[in-house]
Amino acid sequence: MTQTQHETSTAPAAAQQALPMLHIKVKILRFDPEKDRKAHWETYAIDAQAGDRVLDVINEVKWYHDHSLTFRRSCMHGICGSDAMLINGRNRLACKTLVRDVAKDGGTITVEPIRGLKVEKDLLVDMEPFFDSYKAIMPYFINESPAPAAERIQSEEEAERMAQSSNCILCACCTTSCPIFWVNGSYLGPASIVQAHRFIFDSRDEATQQRLNIMNQNTGVWRCRTAYNCTEACPRDIPITQLIEEVKRAVMYQQA
Amino acid sequence: MQHRYDVLVIGAGGAGLMAALYAAKGNVSVACISKLYPTRSHTGAAQGGIGAALGNVAEDHWEWHMFDTVKGGDYLTDQDAAEVFSKDIIDAVYELEHMGLPFSRTPEGKIAQRKFGGHTREFGKAAVERSCYAKDRTGHMILQTLYQQNVKEGTKFFNEFHVTDLLIEDGRCRGVVAYELATGEIHTFHAKAVILAAGGYGRIFKITSNALTLTGDLMSIYYRKGLPLEDMEFYQFHPTGLAKLGILVTEGIRGEGGILRNDSGERFMERYAPTIKDLAPRDIVSRSIISEIREGRGVGRDKDAVNIDLTHLPREVIEGKLAEITDLARTYLGMDPVKDLVPVQPTAHYAMGGIPTDLNGLCLSDGNGGSIEGLYAAGEQACVSLHGANRLGTNSLGDLVVFGRRAGIYAAQYARQVEFPDLPDDPQRDTKDMFDGLRSGSGKENPALIRKEMQESMMNNVGIFRNGPDMEKQVEILKELKSRYQDVNVGDPSLRYNSELIEVMELGFMLDCAEAMTASALNRTESRGAHDRADYHTRDDVNWLKHTMAYKDLDRPGNVLIGYKDVALKGFTRAFEPKARVY
Amino acid sequence: MLHRLSGIAILAYLLIHVFSIGSFIFGERFYMAIHETYDWPVFRIGLVFITAGVVYHAFNGLRIIVMDFTGAGVAYQRQMWYAVMVLTVISGLYAAWTLLPRLLGGY
Amino acid sequence: MIRARTFIDAKQQSHSNAELNWWIFMRISGLILVFLVLGHIYMTFIQVSESDATFTAVVGKLANPAWKFYDWLILALALMHGTNGARYSIEDYIRTRPNRAWVKGVFYTVVALVFAFGTIGLFSI
Ligand SMILES: Cc1cc2nc3c(=O)[nH]c(=O)nc-3n(C[C@H](O)[C@H](O)[C@H](O)COP(=O)(O)OP(=O)(O)OC[C@H]3O[C@@H](n4cnc5c(N)ncnc54)[C@H](O)[C@@H]3O)c2cc1C
Ligand code: HEM
Ligand code: SF4
Ligand code: F3S
Ligand code: FES
């Protein structure tokens, strides 16, 4: 706690008074593969402002309480997708979650790694399986016909079809909140289907048939049980379940 | 462990991915090393757009774009680079579209374009629609599209590998050394050509729009070899970052009619730029805001911000065209731009300077045409000097794709012609020494405090307004911080995912960048573009129409040697005479 | 996932149910013997849950079908889910109400 | 497409509509079952108590071939629907291939037996 005081002591005295500090506890599920056989909880007392991000709080723990705390982060404003965590039981980006939304003065914030992927250390999980299923859906534009000298023409409405799915930042909040993914990692998962959606509904893409075939496999869309956890978890507000349903329909009408 | 590739790309942002893609097209083996998963790179944060004279909305020509770039850069821009850029960017944008980038569209189905600060028609007559955009997430779409294409090409990625050293001997680059976060293992990468594209270093400042990971690693590594960094004094502060957080509020918010107001509600830009008011260039608006704050007319708890007022705009405009920033204001400040004033303050945003390169991306070893064979650089971390003393909005994404592509092409061409050079005897020695040093410090100092002091003092002393005494003070502060840095200690002994080790290492890199910036800024006794000195308040073309080259003094730690490089005042077919920069 | 639980529960019930009903091929005595056991309170209460489960599964199944085939279905999924829950509770209560007197008072 | 490295990969990639067809079947059978099952419950259970379902009552009702068919349709559709539903669960929860194979084997056998038993029962009256 001494360090926390140091932090505030640099600010002008007047400001210090004007600013109500919340005294909160952060309970973090820690795991060090080189020392621990099992994950364990550790609690830190932190002073935070209501408007601070949970990521600020976690940084505070790392910088002034326990340097070994490990997690991913980069952009600090919800665009890079690094810091998906289970905060108070819900998948969220730590940098897009404010303290005041998850804790009151004297309250506790619990932070755990996202589920369904192997925990490597503390809040950091192995992302390889996630990116493997991303790569399995041919996540790239395919159009082998000769390109025109300028752009390919696409109407505003056609471009709008991709608006939601192309918003994805691959943070894995959705996939790691899906109950089907938890029990069976072979399910491609909502994030990959969102990515597939982006290309299936791109009027310029020529590989629609192949993409639908991938979605039609037993690791694809038919695994989805419309649980909606994914939609609720997405920090970019992508209506994921709706997009998955659109892909299901596309597969169905395509094959019929 | 040792790896061998013809071409190695360091960094997987827009510049790195573009370079990797075009190198791979050149029939050589390519690997890309990045300390982040590629889609986590900060290119994804860019909102506004990428400028190219397509003329989809209004008549436009590359000459006009070239002129705007040169004038925007306060004539420190190399005009040959500006000419290559303004021509190439047109094809590059079409190529991005052919890669599937989901651009917003015009009613005719072409790539949509909009106005942006400093982009004009007929050499400054009126604003022109030049910025090609994909909603307000152009950078995100560029990053995703380029990564997707690399997946398609099968580029080999080494993700979460931190490059710690460049292997340069006898003026020839032979590869790099990298630290694998997952295992703690040190890897040697043997290569014929290396392309550096590791992004900016905005984290040396307290308030910044840059990611926590933008710490200038490769600039510092280059600089530690006694090689020069160019134009480090030119650092752009974006006028509108969310107060305290520094999260960027796009220039488009003023383009749509947003008004800056001080504590009494006065539209203060009327005093600083009577004709174009809130739409003045970035450096001017930033300085005006800071003046208001310094004179006690700021808003907020610490009176260190001003308000941006959108309340007079219709709700549809705010929630439609400015959706992203509306979301940011609501998420982070709990404020609704529809009815609340949003507090903003200038935020450290973009490095105009960096590793000097020629037009093909080849890294320069001095100001007289010397170069490092086999070493290329592109992106924010490089300085072809396209942006001169001040970058125009949308020209950075353009820089990434144009010069990333060129670096890729020329590196592959070079790699096809040469054999693998020999590796130095003990390639990992310096890296191991560095880590040993970090692990064996006395541990008296907390790196987080050193970082905080650096960020605050850089903000105050080498920020938007500069003057000699402050910067002299900063030189001493940095020396002190550097000596305290010797006493940090990495307490976490683990090998796997040792993020503490990484953070401490990055702090060391940042201190170097800060040192080079401060020395370069102190040395330049004029005001130009983003570099504004109270004690030398005018532009001085007679003495200072030249690039700064800052070298680390390898014999006297903490000192910086300054050299110079000429500005290319002519393009290949066009040239623009330096004139006073008025808008 | 409640859908899955209810689905499996009623499948289990169905299997038993078919067996018990089908058991009349072994003759009346055997059939009645099995049915005697149904008078145990456990089974009575179980039956309430099975009824609720079937109703939930049936209406939630309809909800899923609506979501699958119409865009509006997804938009109103939450409201529909509440409706399903309400129906489930109502029918569960109704079943309990009709069963309870028999449970308490025998028959 | 990602290149198949093993037989399993290849089998997964070989394009078959099995999952799609089952998915459609689940919806159609579900739709039909709504009427059948709810009707069944209503008639046999809410209207008359389970305990009224005496031997004679059941036999009497089933003498009518229409009821025979009605009940058999419930039996067949519900079992197919339920079995496929249970297969979904098995595939989700049981992850090793051998385990999955034998669990499925046992399960299908039970269902087949019950189905045979029920059918014989129905038509032997
Ligand atoms: C908020 C914001 C908005 C912007 N908006 C615009 C805009 O509208 N238009 C415009 O033109 N420009 C804009 N810019 C500027 C532009 O986005 C950046 O300058 C540009 O994206 C930098 O790209 P880059 O490829 O050079 O680096 P980055 O995208 O930052 O990538 C750096 C890469 O280097 C890697 N790396 C770094 N260090 C190491 C190491 N030691 N070892 C291995 N890998 C390493 C990282 O992992 C990363 O992959 C904006 C910038 C910001 C911050
Ligand atoms: C009464 C009408 C019924 C309707 C409308 C209905 C509808 C559905 C639907 C649409 C599904 C697919 C869910 C999905 O794909 O996510 C399903 C699954 C299932 N159904 Fe039914 N069903 C009915 C009756 C039954 C009966 C009688 C049984 C038992 C024998 C049953 C057992 C199951 C099972 C086990 C599943 C799998 C659940 C899962 O894996 O998530 N259903 N049902
Ligand atoms: S769909 Fe949403 S939750 Fe899922 S990875 Fe993309 S951004 Fe994250
Ligand atoms: S949580 Fe999972 S089951 Fe479907 S709706 Fe989302 S993918
Ligand atoms: S740090 Fe980038 S999304 Fe949170």
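In the set A:169, A:200, which member is within 16 Å of ligand 1 (Cβ to nearest atom), within 13 Å of chain B (Cβ to nearest Cβ) and modelled with pLDDT of 95 or more? Full working, then the answer.
Numbers: A:200 fails: within 16 Å of ligand 1 (Cβ to nearest atom).
Testing whether each residue is within 16 Å of ligand 1 (Cβ to nearest atom), within 13 Å of chain B (Cβ to nearest Cβ) and modelled with pLDDT of 95 or more leaves just A:169.
Of the numbered conditions (1) in a strand (DSSP E or B); (2) within 15 Å of residue B:240 (Cα to Cα), residue B:328 fails exactly one; give the number of that condition.
Condition (1) is where residue B:328 drops out.
Could you list all residues from segment B:319-360 that are touching a Cys at 6+ places or on another chain (Cβ under 8 Å) and in the same structural domain as residue B:283 (by TED's automatic domain parsing)?
Going through segment B:319-360, the residues touching a Cys at 6+ places or on another chain (Cβ under 8 Å) turn out to be B:352-357.
Within segment B:319-360, no residue meets the criteria.
Before we move on, is residue B:467 within 25 Å of residue B:345 (Cα to Cα), open to solvent by 10 Å² or more (accessible area, probe 1.4 Å) and without any contact (Cβ under 8 Å) to a residue 24 or more places away in the chain?
On the way: within 25 Å of residue B:345 (Cα to Cα): yes; open to solvent by 10 Å² or more (accessible area, probe 1.4 Å): yes; without any contact (Cβ under 8 Å) to a residue 24 or more places away in the chain: no.
Taking the combined requirement at face value, the residue does not satisfy it.
Can residue B:448 be described as of a type in the set (A, V, I, L, M), closer than 30 Å to residue B:373 by Cα and assigned to a helix (DSSP H, G or I)? Give the derivation first.
Numbers: of a type in the set (A, V, I, L, M): yes; closer than 30 Å to residue B:373 by Cα: no; assigned to a helix (DSSP H, G or I): yes.
So residue B:448 fails the test.
Which of the residues that make up segment A:27-52 are away from every other protein chain (no Cβ under 14 Å) and of a type in the set (Lys, Arg)?
A:27, A:37, A:38
What tally of residues in segment A:77-102 results from selecting those that are in a helix (DSSP H, G or I), among the aliphatic types (A, V, I, L, M) and more than 12 Å from ligand 5 (Cβ to nearest atom)?
Here is the first cut: in segment A:77-102, the residues in a helix (DSSP H, G or I) are A:94-96, A:99-102.
Remaining after also requiring among the aliphatic types (A, V, I, L, M): A:94, A:99, A:102.
Restricting the remaining residues to those that are more than 12 Å from ligand 5 (Cβ to nearest atom) gives A:99, A:102.
Number of matching residues: 2.
Filter segment A:151-183 for residues that are open to solvent by less than 10 Å² (accessible area, probe 1.4 Å) and more than 16 Å from ligand 3 (Cβ to nearest atom) and give the result.
Of everything in segment A:151-183, just one residue is open to solvent by less than 10 Å² (accessible area, probe 1.4 Å) and more than 16 Å from ligand 3 (Cβ to nearest atom), namely A:154.
Return the residues of segment B:1-50 that are within 18 Å of residue B:180 (Cα to Cα), buried (at least 24 other Cβ atoms within 10 Å of the Cβ) and among the polar types (S, T, N, Q); say none if nothing qualifies.
Selection gives B:34, B:41.
With under 25 Å from residue B:367 (Cα atoms) and buried (at least 21 other Cβ atoms within 10 Å of the Cβ) as the only criterion, which of B:565, B:570, B:546 stands out? Step through it out loud before you land on a result.
Details: B:570 fails: buried (at least 21 other Cβ atoms within 10 Å of the Cβ); B:546 fails: buried (at least 21 other Cβ atoms within 10 Å of the Cβ).
Going through B:565, B:570, B:546 in turn, just one is under 25 Å from residue B:367 (Cα atoms) and buried (at least 21 other Cβ atoms within 10 Å of the Cβ): B:565.
Which of the residues spanning segment A:231-256 are closer than 14 Å to residue A:175 by Cβ, more than 16 Å from ligand 5 (Cβ to nearest atom) and open to solvent by 10 Å² or more (accessible area, probe 1.4 Å)? Please lay out each step first, then the result.
The initial filter retains those residues of segment A:231-256 that are closer than 14 Å to residue A:175 by Cβ, namely A:231-236, A:238, A:240-241, A:243-244.
Next, from what is left, pick out any that are more than 16 Å from ligand 5 (Cβ to nearest atom): A:231-232, A:240-241, A:243-244.
Correct list: A:231, A:232.
Identify, please: which residue in segment B:1-26 is out of contact with any helix residue (DSSP H, G or I) (no Cβ under 7 Å at 6 or more places or on another chain) and part of a loop (DSSP other than H, G, I, E, B) and is, among those, nearest to residue B:189 (Cα to Cα)?
Within segment B:1-26, the match that is nearest to residue B:189 (Cα to Cα) is B:1.
Among the numbered criteria (1) more than 16 Å from ligand 1 (Cβ to nearest atom); (2) open to solvent by less than 20 Å² (accessible area, probe 1.4 Å); (3) in a loop (DSSP other than H, G, I, E, B), which one does residue A:50 miss?
(2)
Quick test of your reading of the structure: residue A:118 fulfils all but one of (1) crowded, with 18+ Cβ neighbours inside 10 Å; (2) more than 9 Å from chain B (Cβ to nearest Cβ). Name the failing condition by number.
Looking at each condition in turn, residue A:118 falls short on (1).
Out of all the residues in segment B:451-470, which are part of a helix (DSSP H, G or I) and more than 14 Å from chain A (Cβ to nearest Cβ)?
Of all residues in segment B:451-470, those part of a helix (DSSP H, G or I) come to B:451-461, B:468-470.
Across segment B:451-470, the qualifying residues are B:458, B:461, B:468, B:469, B:470.
Restricting attention to segment A:133-154, which residues are in a loop (DSSP other than H, G, I, E, B) and within 7 Å of chain B (Cβ to nearest Cβ)? Break it down stepwise before answering.
Applying the first criterion (in a loop (DSSP other than H, G, I, E, B)) to segment A:133-154 yields A:136-154.
A:139, A:140, A:141, A:147, A:150, A:151, A:152, A:153, A:154 - these are the residues of segment A:133-154 that are in a loop (DSSP other than H, G, I, E, B) and within 7 Å of chain B (Cβ to nearest Cβ).
Confirm whether residue A:223 is modelled with pLDDT of 95 or more, open to solvent by 10 Å² or more (accessible area, probe 1.4 Å) and not small (Gly, Ala, Ser). Show your work before the answer.
Details: modelled with pLDDT of 95 or more: no; open to solvent by 10 Å² or more (accessible area, probe 1.4 Å): yes; not small (Gly, Ala, Ser): yes.
Taking the combined requirement at face value, the residue does not satisfy it.
Just give me the residues in segment A:207-241 being more than 14 Å from chain D (Cβ to nearest Cβ) and either assigned to a helix (DSSP H, G or I) or on the phi < 0 side of the Ramachandran plot (or both), in sequence order. Reasoning before the result, please.
Restricting attention to segment A:207-241, the residues satisfying the condition of being more than 14 Å from chain D (Cβ to nearest Cβ) are A:228-241.
If the condition is that a residue be more than 14 Å from chain D (Cβ to nearest Cβ) and either assigned to a helix (DSSP H, G or I) or on the phi < 0 side of the Ramachandran plot (or both), then A:229, A:230, A:231, A:232, A:233, A:234, A:235, A:236, A:238, A:239, A:240, A:241 are the ones that fit.
Kindly establish whether residue B:90 is open to solvent by 20 Å² or more (accessible area, probe 1.4 Å) and away from ligand 5 (no atom under 16 Å from the Cβ). First the steps, then the outcome.
Numbers: open to solvent by 20 Å² or more (accessible area, probe 1.4 Å): yes; away from ligand 5 (no atom under 16 Å from the Cβ): yes.
Yes: the conditions hold for residue B:90.
Give the number of residues within segment B:308-364 that are of a type in the set (Gly, Ala, Ser) and open to solvent by 30 Å² or more (accessible area, probe 1.4 Å).
First, pick out the residues of segment B:308-364 that are of a type in the set (Gly, Ala, Ser): B:320, B:323, B:329, B:334, B:348, B:351, B:353-354, B:361.
Narrowing further to those that are open to solvent by 30 Å² or more (accessible area, probe 1.4 Å): B:320, B:323, B:334.
Residues in segment B:308-364 being of a type in the set (Gly, Ala, Ser) and open to solvent by 30 Å² or more (accessible area, probe 1.4 Å): 3 in total.
Kindly evaluate residue A:125 against the criterion of being within 11 Å of chain B (Cβ to nearest Cβ), among the β-branched types (Val, Ile, Thr) and in contact (Cβ under 8 Å) with a residue 12 or more places away in the chain.
On the way: within 11 Å of chain B (Cβ to nearest Cβ): yes; among the β-branched types (Val, Ile, Thr): yes; in contact (Cβ under 8 Å) with a residue 12 or more places away in the chain: yes.
Yes; evaluated as a whole, the condition is true for this residue.
If you scan segment A:164-184, which residues turn out to be touching a strand residue (DSSP E or B) at 6+ places or on another chain (Cβ under 7 Å) and at positive phi?
From segment A:164-184, those touching a strand residue (DSSP E or B) at 6+ places or on another chain (Cβ under 7 Å) are A:171-173, A:176-177; that's our starting set.
Correct list: A:172 only.
I need a count of the residues in segment B:142-181 that are of a type in the set (Gly, Ala, Ser) and either closer than 18 Å to residue B:506 by Cβ or near ligand 1 (Cβ under 10 Å from one of its atoms) (or both).
Restricting attention to segment B:142-181, the residues satisfying the condition of being of a type in the set (Gly, Ala, Ser) are B:154, B:171, B:175, B:178.
Narrowing further to those that are either closer than 18 Å to residue B:506 by Cβ or near ligand 1 (Cβ under 10 Å from one of its atoms) (or both): B:178.
Adding up the residues that qualify gives 1.
The values are calculated or read from the model by the stated rules, or taken from the named source; none is laboratory data. These figures come from a predicted structure and were not determined experimentally. Heads up, the Cβs are rebuilt from the backbone with ideal geometry, glycines too, and the neighbour counts pull from every protein chain shown. Just the protein is used for accessible areas: all its heavy atoms, side chains included, with ligands, DNA and RNA removed. Shrake-Rupley method; radii C 1.70, N 1.55, O 1.52, S 1.80 Å.
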